[in-house]
Amino acid sequence: MKAGLVARHSGRAIVLTIATAVVLALCVFTSDMPNAMHGTATIFYLTAILLVARTRLPRILVLAGAACGGLTLIGWILLHWGTALGQADLHHVLSLAAVALTTLLVTGHHSAQAPLEEQARILELTHDTVIIRNAEDVIVYWNAGAERLYGWSREEALGRRSQEMLGTTFVAGDMPDLLASGSWSGEIARQRKEGDRILLASRWFPRLDAKGRPVGVIETSTDLTEARRAAAARRLSEERYRAIFNAACFPIWETDLSCLLESASPHALRSGAFDIDHIAAHAVVRNANHAAATLFGLESRTALIGRSLGPFYPPDQADKIRRIWADLYRGARQVEEEVQLVSADGRLVDILLRLTLPDGEDPWRRVLVMAVDMTEQKRAQARLVQAQAEMAHVARVTLLGQLAATIAHEVNQPLSAIITYAKSGRRWLKQETEQAPEVENCLDHIVASGARAADVIARVRTMARKSAPQQDRIDVQDLLHDTLALLQGDLQAKQVTVTLRVPANLPPIRADRVQIQQVLVNLLLNAEQAMSDKPVGQRRICVDIVEREGSIVLHIKDSGSGFEGDPERLFQPFFTTKAQGMGMGLSICRSIVEQHGGTLSAANGAEGGAVFHFALPVAQQQRQADRAA
Ligand code: ADP
């Protein structure tokens, strides 16, 4: 035995012990034979058996006993077989009895010790510390758990006074009177080899001798330091979470969605085909902060806790809520969705919801929901769209202002014609003989000229119109022709030639016709103005339309001098190189195009001049329907 209560021998020690016992038994046998030492030999046989007993291997021990008994018997046969019974025979019988008895006793002793050995092994295996002290507080047993926790090895600890080494103090006061109480358990603080003090939950029992007198203390202890530290850290982190939760200036709450799993089948959950009203009625708020209560129009967060939120969502939001839950069920840890709710005080609130399934046990019981009130943002967005529309309108009217002279000219021409034809009609009527065909001809010209003037005015009125943005189905080629008709007078006056290259079967786009026309007018007028210093005959605009990657792309190319520097500058508000320019045209054009999901960019052409690329998406459904038609 080393320092433990019981220890087994190593393989080598066992072999050595058995070998020694065998050698001893053979020596006894050979020396007993000629000398007939009798009693002396028996003592050595017993010594051999006791030697083997040290191995603690019961089978080997029985074998050793049998071997020694056998040798005694062989010795008797060889020496005394056939002789008259005498004292020597009695010696051998006694020897045999001694060998058998010793083997039996030692084997019995071993079996009695087996449970003890097992207990000793358990003491070594336990993570707790087990220390046994004698009456003088000297450590007589120190298990592996104690080695690990306190840092002293068994060799260092055994034989030392526990109080000197461990400096035990009792958290709840005085040292316990073990004899009076029979046992004690409580918290103690002790010092480790490294010098730090640790907190332990300890249980002490008195160690009694055979007569029941106290001869020391058996104690077992568990380290509380780590557990306390972990609990404190957990408490701190929970407190922090609660503090952040309650103090957050945005709405945050925890919802119990466990009813979702309980009341719907996995298939229904995955596909979103479950009874939303039933679940909404049972999904209650477990915790909420003040901002959440305010969002729902309630006075305090306690008014929200324990309540179902179902009644706050209008029926038309059911699909969105269903989608959120189905997404969570399908494994998304976080889901975002814009929804509307009606607060307790009747306000319609736009919110962005973010649901998070937390880690840990039973996450569906405390799904974390955060919300951002989007109502103001939505209102601001609407105001921005309106402001942009108004700016675009002002820009359109400004563009028309630039065209005023040619428009007046265009309207004037048919009006002059109307006057001329009316005069000549009157002259025909004044003649004595009626010239009906001539009068009719004059009236036809008057109607046609009136229609021409009305056309021009209609185009101008459309451009000048101020209305909410529409989603028209537009044939781009058609729109381009209309736009060129509006600009025709101006283009002719400046002697600009326009070439169109349009492929057949262009799919239509969905957009606001007036706004897209405004972009075209702006780009064409800019192109025309960029060529004003070019000699007549070299003023050319080429419009190429192509369909590419689900978009209709217009390339508007002119033969002017192009521009200098970064093309992006052209789109900055108030950037202009013109004496009378405002520099808002291209910036407004880009915002119109982007609002329609398109792009507008500029570049210098390879052969001089500028090229504007203007792309608008073809709506997929629209395109399929049109292709099918
Ligand atoms: P404005 O016409 O009032 O100047 P725009 O925003 O329409 O405002 O144009 C901004 C500037 O972009 C113009 O002043 C001009 O310098 C440049 N630009 C626009 N179109 C062309 C073009 N086709 N060629 C060269 N420069 C151009």
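The values are calculated or read from the model by the stated rules, or taken from the named source; none is laboratory data. All of these numbers come straight from a predicted model, not from anything done at the bench. Backbone-built Cβ (ideal geometry, glycine too); neighbour counts: all protein chains shown.
Restricting to the stretch 518-527, name every residue that is farther than 12 Å from residue 592 by Cβ and buried (at least 21 other Cβ atoms within 10 Å of the Cβ).
524, 526, 527
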Long-range neighbours under 7 Å by Cβ, at least six apart or interchain, first residue free of Cβ contacts under 8 Å to residues at least 60 places away in the same chain and over 15 Å from residue 612 (Cα atoms) within the stretch 559-581, second more than 7 Å from the ligand (Cβ to nearest atom) and in a loop (DSSP other than H, G, I, E, B): none
Complete set of residues in the stretch 170-186 that are touching a strand residue (DSSP E or B) at 6+ places or on another chain (Cβ under 6 Å) and either surrounded by 14 or more Cβ atoms within 10 Å (Cβ to Cβ) or modelled with pLDDT of 95 or more (or both): 170, 176, 178, 184, 185
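Of the residues 67, 100, only one is touching a residue at least 12 places away in the same chain (Cβ under 8 Å) and surrounded by fewer than 18 Cβ atoms within 10 Å (Cβ to Cβ); which?
Working: 67 fails: surrounded by fewer than 18 Cβ atoms within 10 Å (Cβ to Cβ).
Of the residues listed, the single one that is touching a residue at least 12 places away in the same chain (Cβ under 8 Å) and surrounded by fewer than 18 Cβ atoms within 10 Å (Cβ to Cβ) is 100.
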Those residues of the stretch 338-372 which are closer than 24 Å to residue 300 by Cβ and part of a helix (DSSP H, G or I), in sequence order: 365, 366
Which numbered condition residue 587 misses (of (1) closer than 13 Å to residue 523 by Cα; (2) more than 8 Å from the ligand (Cβ to nearest atom); (3) modelled with pLDDT under 95): (2)
Neighbours by Cβ (under 6 Å, 6+ apart or cross-chain): first from the stretch 525-540, among the acidic types (Asp, Glu); second at pLDDT below 95: 528/494
Failed item in (1) on the phi < 0 side of the Ramachandran plot; (2) surrounded by 14 or more Cβ atoms within 10 Å (Cβ to Cβ); (3) at pLDDT 90 or above, with residue 297 passing the rest: (1)
Positions within the stretch 268-321 being touching a Phe, Trp or Tyr at 6+ places or on another chain (Cβ under 7 Å) and free of Cβ contacts under 8 Å to residues at least 40 places away in the same chain, in sequence order: 268, 285, 288, 312
Tabulated pairs, the stretch 105-133, first farther than 21 Å from residue 60 by Cβ, second charged (D, E, K, R) and not in a loop (DSSP other than H, G, I, E, B), C-beta under 7 angstrom, 6+ apart or interchain: 131/219; 132/207
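Based on what the data block shows, is residue 89 under 57 Å from the mean Cα position of the chain (by Cα), touching a residue at least 12 places away in the same chain (Cβ under 8 Å) and farther than 18 Å from residue 216 by Cβ? So that I can check it myself, show each step before the final result.
Values: under 57 Å from the mean Cα position of the chain (by Cα): no; touching a residue at least 12 places away in the same chain (Cβ under 8 Å): yes; farther than 18 Å from residue 216 by Cβ: yes.
Spelling it out, it is not the case that residue 89 is under 57 Å from the mean Cα position of the chain (by Cα), touching a residue at least 12 places away in the same chain (Cβ under 8 Å) and farther than 18 Å from residue 216 by Cβ.
Do we have residue 394 as buried (at least 17 other Cβ atoms within 10 Å of the Cβ) and modelled with pLDDT of 85 or more here?
On the way: buried (at least 17 other Cβ atoms within 10 Å of the Cβ): no; modelled with pLDDT of 85 or more: yes.
No, not satisfied.
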Residue 562, sole failed condition from (1) among the small types (Gly, Ala, Ser); (2) away from the ligand (no atom under 12 Å from the Cβ); (3) surrounded by 14 or more Cβ atoms within 10 Å (Cβ to Cβ): (2)
Residue list for the stretch 269-302, restricted to those being under 20 Å from residue 253 (Cβ atoms), part of a loop (DSSP other than H, G, I, E, B) and within 27 Å of the chain's Cα centre (by Cα): 283, 289
Within the stretch 552-599, tally of residues that are aromatic (Phe, Trp, Tyr), within 21 Å of residue 541 (Cβ to Cβ) and in a loop (DSSP other than H, G, I, E, B): 1
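Is it fair to say residue 316 is farther than 21 Å from residue 362 by Cα, part of a helix (DSSP H, G or I) and modelled with pLDDT under 90?
Values: farther than 21 Å from residue 362 by Cα: yes; part of a helix (DSSP H, G or I): yes; modelled with pLDDT under 90: no.
Criteria not met by residue 316.
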Residue within the stretch 496-507 that is under 18 Å from residue 545 (Cβ atoms), more than 11 Å from the ligand (Cβ to nearest atom) and surrounded by 20 or more Cβ atoms within 10 Å (Cβ to Cβ) present: no
Residue tally, condition within 11 Å of the ligand (Cβ to nearest atom) and either out of contact with any Cys (no Cβ under 6 Å at 6 or more places or on another chain) or more than 17 Å from residue 588 (Cβ to Cβ) (or both), over the stretch 508-523: 2
Number of positions in the stretch 569-578 that are within 17 Å of residue 527 (Cα to Cα), exposed (fewer than 15 other Cβ atoms within 10 Å of the Cβ) and more than 7 Å from the ligand (Cβ to nearest atom): 1
Condition met for residue 350 (acidic (Asp, Glu), surrounded by fewer than 18 Cβ atoms within 10 Å (Cβ to Cβ) and over 19 Å from residue 250 (Cβ atoms)): no
Check on residue 491, buried (at least 21 other Cβ atoms within 10 Å of the Cβ) and either part of a loop (DSSP other than H, G, I, E, B) or touching a Ser or Thr at 6+ places or on another chain (Cβ under 9 Å) (or both): no
Residue in the stretch 524-547 that is away from the ligand (no atom under 14 Å from the Cβ) and touching a helix residue (DSSP H, G or I) at 6+ places or on another chain (Cβ under 9 Å) present: yes
Residue within the stretch 253-263 that is under 30 Å from residue 325 (Cα atoms), over 23 Å from the mean Cα position of the chain (by Cα) and surrounded by 14 or more Cβ atoms within 10 Å (Cβ to Cβ) present: yes
